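Single-structure report; data block below.
Since every read-out is calculated from the coordinates, none of them should be taken as a lab result. Just so it is clear, the model here is predicted, and its values are computed rather than measured. Positions of Cβ are generated from backbone atoms using ideal geometry, with glycine treated the same way; all protein chains shown enter the neighbour counts.
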Amino acid sequence: MKSFIRQVLEKLLKEEAPISDIIFVLPSKRAGAFLLNELSMLSSESIFAPKIYSIEEFAEEVSGLKSIDNTTTLFEFYEVYQKLTSKEELENFETFLAWAQSLIHDFNEIDRYLIDAEKFFDYLADIQDINHWSKQNRTELIENYLKFWAQLPQYYSVLKENLVAKEQGYQGLIYRTAASKIPDYASENSNQNYVFLGFNALNSAEQVIFQELLEKQLATVYWDIDNVFLKDYHHEASLFIREYLKDWPFYQDNPLNPGIEEYKEEKDISITGIPKNVGQAKYLAELLAEKSEAELEKTAIVLGDESLLLPILNSLPPNVKDLNITMGFPLKNAPVTSLFNSLFDLHTKSGSSYYYRNVIAIVNHPSLHQILKPYASKFIQKINKENTVYLKLEDIQDNFPEELKQFIGWCFNDWKNSAKIAIENFQNIVFSIKNILKEEQTSQLQLEFLYHFHKLLNQLQTLNNTYPHINSLTALRNFYNEIMSTQSLDFQGRPFKGLQLMGMLESRALDFENVIITSVNEGTLPSGKSNNSFIPYDLKKSYNLPTYREKDAVYTYHFYRLLQRAKKVTLLYNTESGGLNSGEKSRFLTQLEIEKQPRHELKINTVSPKVPTVNNELKVIEKTPAMIEKLKGLANYGFSPSALTSYIRNPLDFYYQYVLGVKEEEEVEETVAYNTLGTVIHDSLEEFYQPLEGQFLTEAHILDFRKRIGQEVATQFHKTYTKSPILQGKNYLIFEIAKRYLSNFFDLESNRLKNGEEIKIVKIEQNLKTKITVPELDFPVYIKGKVDRVENCNGITRIIDYKTGKVEQSKIEIVDWENITTDYDKYSKSFQVLAYATMMKNEENLSLPLEGGIISFKNLKGGLLKFAKREKARGGAKDFSISEDTFEAYQDQLKKLITEICNPAIPFTEKEI
């Protein structure tokens, strides 16, 4: 396969004029590098390399203007905007950014297509005026809006004058100036010979430049278009070149040389649908793994969606030894980027204290690990333990040693909404990380990222010093994001050896024998409609400005030009819809099917990853000798009722929590959790009632309790939840709920006294532990727990458990004793109450019968929900007394349960919940 560039060079080498004297102009710098490489292989003797320009460089050469980036253009435009806008109507820089980007894009288009700006903007202002035609109903806002459109010509002309005076220009201005100067430039360089090759979609300024040099016989243009497309008047691949051949005066007398006849040749074209983007990357790796080193040398991967770069790099097979990547790695994907974003998040939020998540995101960032270890992890543990939601600067600094105070200050000192302070602190942080990385002699890639950030921050600092418009952190962040979106880390490779990986636009004028194109989906290739412009579609059509139709034609040309000389083509598309991807294959693929050439072999298929069958079987964990020893230790320490009921609910939960000792990770509770509310209620009642042990409850006691509700609840929240005051949001509502729970509970107590009940407080939050004799086990077994309340009511002793959740009477009644150790939902409450009753009976020698029950704070209307035995599930009499028979029946089941837990032959088997 001969590439287009080689074909042109071979033709030029046969001509008399020395090739060293030719000035080549190509679509991109990369194409120029390939041209020099081809020339070095074709030339049999040493020659001087010809001068090579990209089209942008050539426009700069002709215009005499130096190109400035979009960011600098924005600053220059704001300078003009400030001068031409009255103070009453002047918007701040932050608001200006929201619309100025699109307007500069429009200025660029107007200049590149040589539109008469004054007439154009007048036309645009008239359109806006018509859209708001009712003069009677025009508000001041609408009047100012229309005034803005009327001022656009002035903004444009003054911006243009200012930039030309500084010998600078944005891309469109450089092209317009080059088009106006090209006659003089041609006259001054009349002895030069120019060759333009590989072009397709030219803007009006480029067309003027080309035609001027063609008319004066100073240039030759080599179009790379196959006759299949050129002769098809409906094919978008030849849309632009057909127009040039038709409209340019030069081609009326100098018809185009016979077109290229290569697209008809034999080609193996494979169209493959693959679910998900990562699926494309994995399938691509399989394709590459099958290729030899010689085949890889002739292969190019073209990414329709450039976000696939990292998945593909991470999926490359081992046989890919050499790789040249034309596109850069986006700096916004660097690990350290998230640190700067976290710092912006922290400082753009107003307030005297910092939200704990923002603080943790910074001190726990991997980039600062070497600087802040081990203090950061201890600090985070302290935040979680103390449940601190908002932290002051002093709270943060106190947790780090003196030598780190300065660094912590750079991160957390008040930046006073100043861009200057923010940039200085960023630079200090970058240098600190750099010094640590150098000492550690770790990743060179991380150092490379830091160097690029250093350059970016220098650019921000220079812009801020030159144009003092960034007067807030928000404005700085917007600019930081704007610059970040264009920054990339260039890969170093051998540009003419090994596998080539590039984007669609980097493929201009280049040819490869094997081509793999990814993401050939509608909306990606071609990219479809996008409107980042103030100019309406019909106005663009009137002035021959490019619309999405022309953009589609550009992608069509690049797509088919890659196929022209290729022998083997693999086209991959995503079959799954998600996000902005519809899952629809590109129209290009359908077109290939419909317009299939006779010598093309077209294969269409879909692939999907092999998904292994996963049997979701319940886990079974056999008991080891070490586990049995652990269980013996637990038995000697004492099984709690909650531990035993967790086994009933799911043996695997018991295994993780009590055998392995796995605890839930401690985290900050931003909103009071339900178990925390329960702790507050329990501890408040303990404080109220514990002094009354051995006494009868009276109305005076309850009256005293009521007066202390608010203070006691606040104290318990302070102990259990956070030291910060609870004065706002959901937590304040939960604080009030806790107070209401206690108030309602005291209503219940008061009503009991009024109804003639004599209540003697026997025990409050009593710690209990009692031995259980299990004949089957040769080691001691205990059960232990803390009973919430034991009272004597009218001569009957009651064991009471508090529940802040909702409990119904039916949940504390038992029919079949066999189910008490198997049915968690129905009998877990009964199991716990009887456990406490057993411990109290054994340890305190209480006289029988007893009563036991639950007070549910969400069901206080039900009063004390007493444990009851029923003869049958529905109907039948209830026995509320806990007699010796009850204890015997319960202990039989309790011993069976403990025997099962400690039996080495019975594994921990997961229950399906």
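Just to confirm my numbers, what's the Cα centroid distance between region 882-913 and region 503-559 in Å? Answer, in whole Å: 73.
Within region 223-302, the GluC sites (Glu not before Pro) that combine a DSSP coil assignment with at most 11 other C-beta atoms in a 10 angstrom radius are Glu261, Glu266, Glu290. Only Cα pairs under 8 Å and 6+ residues apart enter the sum, and on that basis the relative contact order of region 332-489 stands at 27 percent.
The packing ranking, built from the mean of other Cβ atoms within 10 Å per residue, places the peptides 455-463, 394-402 in the order 455-463, 394-402, highest first. Taking other Cβ atoms within 10 Å as a rough exposure proxy, Val25, Val781 sort from fewest to most as Val781, Val25.
Order 690-699, 6-15 from most to least packed using the mean count of other Cβ atoms within 10 Å. Write out the running numbers ahead of the final one.
Values: 690-699: 13.5, 6-15: 15.7.
Averaged packing, sorted descending, gives the order 6-15, 690-699.
For the chain, the longest principal axis of the alpha carbon atoms and the long axis of helix 473-484 meet at an angle near 60°.
Region 473-487 and region 226-284 have their alpha-carbon centroids 39 Å apart. Here's how it looks for Arg789: its modeled amide H is under 5 Å from those of Glu765, Ile800, which are all 5 or more places away or on a different chain. Would you list, by chain and number, the aspartates and glutamates whose Cα falls below 18 Å from the Cα of Lys719, excluding same-chain residues fewer than 8 positions away? Within reach: Glu386, Glu666, Glu667, Glu669, Glu670, Asp683, Glu686, Glu687, Glu736, Glu765. Could you give the angle, 0 to 90 degrees to the nearest 10, between helix 93-112's Cα long axis and the longest principal axis of the Cα atoms of the chain? Here the helix axis deviates by roughly 30 degrees. Within straight-line reach of Lys119, meaning a Cα separation under 14 Å, sit the following aspartates and glutamates at least 8 residues removed in sequence or on another chain: Asp111. Computed from backbone phi, the HN-Hα couplings of region 891-908 come to 5, 4, 5, 4, 5, 4, 5, 5, 4, 4, 4, 8, 6, x, 7, 9, x, 6 Hz, rounded to whole numbers (Karplus: 6.51 cos²θ - 1.76 cosθ + 1.60, θ = phi - 60°; Gly and Pro given as x). Cross-link partners for Lys11 among the lysines, with Cα-Cα distance under 16 Å and sequence neighbours closer than 8 places in the same chain left out: Lys2. Just want the answer: with Cβ charges of +1 for Lys and Arg and -1 for Asp and Glu, which residue in Thr462, Ile483, Tyr390 is farthest toward the dipole's positive end in region 332-489? Checked the options; the winner is Ile483.
Taken as Cα centroids, region 615-672 and region 767-831 sit 19 Å apart, rounded to the nearest whole angstrom. The order of the peptides 110-118, 97-105, 783-791, 184-192 by mean Cβ neighbours within 10 Å, most packed first, is 783-791, 110-118, 97-105, 184-192.
Amide H contacts under 5 Å for Tyr53: Phe24, Val25, Leu26, restricted to partners 5 or more places along the chain or on a different chain, H placed in the peptide plane at 1.01 Å from N. With respect to the chain, whose longest principal axis is taken over its alpha-carbon atoms, helix 140-165 is tilted by about 50°.
Rounded to the nearest 500, the 222 nm mean residue ellipticity of the chain from helices alone is -15500 deg cm²/dmol, with -39,500 (n - 2.57) taken per DSSP H run of at least 4 residues.
Tell me whether the chain comes out rounded, prolate or oblate; compute the Cα gyration tensor, take square roots of the eigenvalues as a ≥ b ≥ c, and use a/c under 1.5 as the rounded threshold. Cα axes put the chain in the prolate bin.
In this model, which of Lys632/Lys826; Lys291/Lys610; Lys811/Lys861; Lys632/Lys771; Lys829/Lys869 are farther than 24 Å apart at the alpha-carbon? Beyond 24 Å between Cα atoms: Lys632/Lys826. Antiparallel as a % of all DSSP beta bridges within the chain, to the nearest 5? If we restrict to bridges inside the chain, about 35 percent are antiparallel.
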